[in-house]
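Trainee: Here it is, the structure, as structure tokens.
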Amino acid sequence: MSRAAILYDADCGFCKWSLGLILRWDRPGRLRPVALQDPEADQLLGAMDADTKMASWHLVMPGGAVHSAGRAVEPLMRLLPFGRPFAAAARAMPGLTDRGYAFIARHRTPLGRLVRRLRGSARSEDTSP
């Protein structure tokens, strides 16, 4: 594996929206998306049980190291252009990063609805005369 795999929930609108932002940021192409529902996710995550697998997003590095939830933010940011300051902040404040991720994960359904509404209103503005 030459690129890091970013594993996401394909059934989560907010997750897919967030992934899209990250992949647009990843101009060098250091990441490749893999849905948690894809059989490859089981191979990448090894013996991780299904509940733990589906409870979070995961970053699997080319060497096989797995980072999950808030603890995956720092290595992800190191891979992205101009992400090093964000990586340093995540490394300096791991508890805050974990709590921030936990908050987002608990609210991903309403956040997904909000994103869908915002995208819908942006599309309707684009088509107005």
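FYI, it's all coordinate maths here, none of it is from the lab. Only a predicted model underlies this, so the values are computations on that prediction, with no experimental measurement involved. Positions of Cβ are backbone-derived with ideal geometry, glycine not excepted, and every protein chain shown enters the neighbour counts.
Trainee: Once R0 is set to 25 Å, what does the formula 1/(1 + (r/R0)^6) return for the Cβ-Cβ distance between F82 and A102, expressed as a FRET efficiency to the nearest 0.05? Display every interim value, and only then the final one.
Mentor: Values: r = 26 Å, r/R0 = 1.04.
E between F82 and A102, to the nearest 0.05, is 0.45.
Trainee: In nm, to one decimal, how far is the modelled label at M54 from the one at L118, with both set 7 Å along Cα→Cβ?
Mentor: Each label point is offset 7 Å from its Cα along the Cβ direction, giving 2.7 nm.
Trainee: Over the chain, what is the relative contact order in percent, taking alpha-carbon pairs closer than 8 angstrom and at least six residues apart?
Mentor: 27
Trainee: Roughly how many debye, to the nearest 20, is the charge dipole of the chain about its Cα centre, given +1 on each Lys and Arg Cβ, -1 on each Asp and Glu Cβ, and no other charges?
Mentor: Dipole size: approximately 500 debye.
Trainee: Right, next: Taking neighbour counts of Cβ atoms within 10 Å as a proxy for exposure, in what order, fewest first, do L36, L19 appear? Walk me through the numbers on the way to the answer.
Mentor: Details: L36 23, L19 20.
By the 10 Å Cβ count, ascending: L19, L36.
Trainee: Between K16 and A92, what's the calculated FRET efficiency when r is the beta-carbon distance and R0 is 22 Å? Round to 0.05.
Mentor: Calculated transfer efficiency: 0.15.
Trainee: Taking the Cβ of D98 as the centre, find all other residues whose Cβ is under 13 Å away and add up their charges (Lys, Arg: +1; Asp, Glu: -1).
Mentor: Numbers: positive: R71, R91, R99, R106; negative: E74.
Around D98, the charge tally is +3.
Trainee: Same structure again: Counting other C-beta atoms within 10 Å, which of H58, H107, H67 has the fewest, and how do the rest follow?
Mentor: H107, H67, H58
Trainee: Taking the Cα centroid of segment 58-75 and of segment 1-38, what is the distance between the two, rounded to the nearest whole Å?
Mentor: Taking the Cα centre of each part, segment 58-75 and segment 1-38 sit 12 Å apart.
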